[in-house]
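Beneath this line is the structure, given in structure tokens, with notes to follow.
The values are calculated or read from the model by the stated rules, or taken from the named source; none is laboratory data. Bear in mind the structure is a predicted one, so any value in this text is a computation, not a measurement. Cβ placement follows ideal geometry from the backbone for every residue including glycine, while neighbour counts extend to all protein chains displayed.
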């Protein structure tokens, strides 16, 4: 697999496992999808660009977070997102055969 700069990307055990999880769950994998979701839902929940940027490791002077994430998620959807809990029992969320 080649990256955008033409170099070969390393396929790690985690990458293969992550791909299998997405395939079994029937959802497409988005590059940096978890990171972008975090930024969108965190900003919608707290409305604090500086706090969200700090959590994501952005430079405090970088305003890309505000311009890219501020209108993507409603406060109600953010509240629902942050209440998602992993089952307390030892349950496999995606069954592998």
- Message: List pairs: first residue in region 76-93 and in contact (Cβ under 8 Å) with a residue 12 or more places away in the chain, second residue not in a loop (DSSP other than H, G, I, E, B) anywhere in the structure, Cβ distance under 6 angstrom, at least six positions apart or on different chains.
- Response: 78/41; 78/44; 78/45; 81/41; 82/45
- Unmet requirement for residue 89, which otherwise passes all of (1) modelled with pLDDT of 80 or more; (2) exposed (fewer than 12 other Cβ atoms within 10 Å of the Cβ): (1)
- Return the pairs, sorted by first residue and then second, in which the second residue is surrounded by 16 or more Cβ atoms within 10 Å (Cβ to Cβ), the first residue lies in region 35-48 and is without any contact (Cβ under 8 Å) to a residue 12 or more places away in the chain, the beta carbons are less than 7 Å apart, and the residues are 6+ apart or on different chains. 46/52
- Item | Test for residue 37: is it under 26 Å from residue 15 (Cβ atoms) and surrounded by 13 or more Cβ atoms within 10 Å (Cβ to Cβ) | yes
- Sole miss for residue 23 among (1) surrounded by 10 or more Cβ atoms within 10 Å (Cβ to Cβ); (2) modelled with pLDDT of 85 or more; (3) touching a helix residue (DSSP H, G or I) at 6+ places or on another chain (Cβ under 9 Å) is condition (3)
